[in-house]
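The values are calculated or read from the model by the stated rules, or taken from the named source; none is laboratory data. Keep in mind that what you see is a predicted model, and the values were worked out from it rather than measured. A quick note on method: Cβ atoms are made from the backbone with ideal geometry, for glycine too, and the neighbour counts reach across all protein chains shown. Protein only, heavy atoms only, side chains kept; ligands, DNA and RNA dropped before computing areas. Shrake-Rupley method; radii C 1.70, N 1.55, O 1.52, S 1.80 Å.
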Amino acid sequence: MQTIDSLADNLHGYLNQEQVNQVCRAYYYAEQAHDGQIRRSGEPYVTHPLAVAFVLAEMQMDHQSLVAALLHDVIEDTGIEKHAIEQQFSSVVAELVDGVSKLTQISFSSKAEAQAENFQKMTLAMARDIRVIIVKLADRLHNMRTLGVLRPDKRRRIAHETLEIYAPIAQRLGMNTIRVEFEELGFAALHPMRSRRIQSAVKAAR
């Protein structure tokens, strides 16, 4: 089970104590901000930003990215404003959180627009700090890992969007492990029977 204590243990491998303390403080801030909010899985909402932070910890991202990951839904979902995050943490963290929130609010008016290379360039350009994109990719990765609790139509929509937008961005950034997982999870969501047959064939071949 993922907990803030197990995350802190992981972070001690490459961050100093003060940085780990800031990450822990961000977790408790997010836990309080999201108090009463529940994910479709029935888990407390804070388990999602915690899982996103774990993804970034595996990549050994800096403590500001981890803090932003823990707070990435606070502005959008809790009514806490950007200046409050700046006062509690830093202007850099506030900018990261605000950037992730703005990426989340982008909607796709058509499949052609979603597939357009210009859209990918715009997404990268609007993130003045590349860490905004990395946090967003980690956010999308955890959402893809937990698609099973959603309605089939919503699973397909999110899978399409992931394959058309986020997988190519991950590839462009050289994040091939995440790209491959996006593609595997996306294929499984869009073609569950074919995915199961391929997995069985691969397992038999091995």
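Out of 78, 47, which single residue is surrounded by 13 or more Cβ atoms within 10 Å (Cβ to Cβ) and out of contact with any helix residue (DSSP H, G or I) (no Cβ under 8 Å at 6 or more places or on another chain)? So the residue among 78, 47 that is surrounded by 13 or more Cβ atoms within 10 Å (Cβ to Cβ) and out of contact with any helix residue (DSSP H, G or I) (no Cβ under 8 Å at 6 or more places or on another chain) is 47. Would you confirm, using the coordinates I've provided, whether residue 38 is among the hydrophobic types (A, V, I, L, M, F, W, C) and within 25 Å of residue 151 (Cα to Cα)? Yes: the conditions hold for residue 38.
Scanning segment 169-202 for residues that are out of contact with any helix residue (DSSP H, G or I) (no Cβ under 6 Å at 6 or more places or on another chain), assigned to a helix (DSSP H, G or I) and open to solvent by less than 70 Å² (accessible area, probe 1.4 Å) turns up 180, 181, 192, 201, 202. One residue stands out in segment 78-105 among those that are of a type outside the set (Ser, Thr, Tyr) and under 15 Å from the mean Cα position of the chain (by Cα): the one that is farthest from residue 132 (Cα to Cα), namely 105. Scanning segment 12-23 for residues that are closer than 15 Å to residue 69 by Cα, open to solvent by less than 50 Å² (accessible area, probe 1.4 Å) and more than 18 Å from the chain's Cα centre (by Cα) yields a count of 2.
Filtered by the rule that a residue be within 18 Å of residue 32 (Cβ to Cβ) and outside any helix (DSSP H, G or I), segment 74-104 gives 79, 80, 81, 89.
Per-residue answers, yes or no, for (1) crowded, with 21+ Cβ neighbours inside 10 Å; (2) of a type in the set (Asp, Glu); (3) under 28 Å from residue 176 (Cβ atoms):
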| residue | (1), (2), (3) |
| --- | --- |
| 41 | no, no, no |
| 56 | yes, no, yes |
| 70 | yes, no, yes |
| 86 | no, yes, no |
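Among the residues of segment 134-153, write down those that are assigned to a helix (DSSP H, G or I) and open to solvent by 60 Å² or more (accessible area, probe 1.4 Å). 145, 148, 149, 152, 153, listed by residue number. For segment 1-24, how many residues are free of Cβ contacts under 8 Å to residues at least 60 places away in the same chain and outside any loop (DSSP other than H, G, I, E, B)? Going through segment 1-24 one residue at a time, the tally reaches 15.
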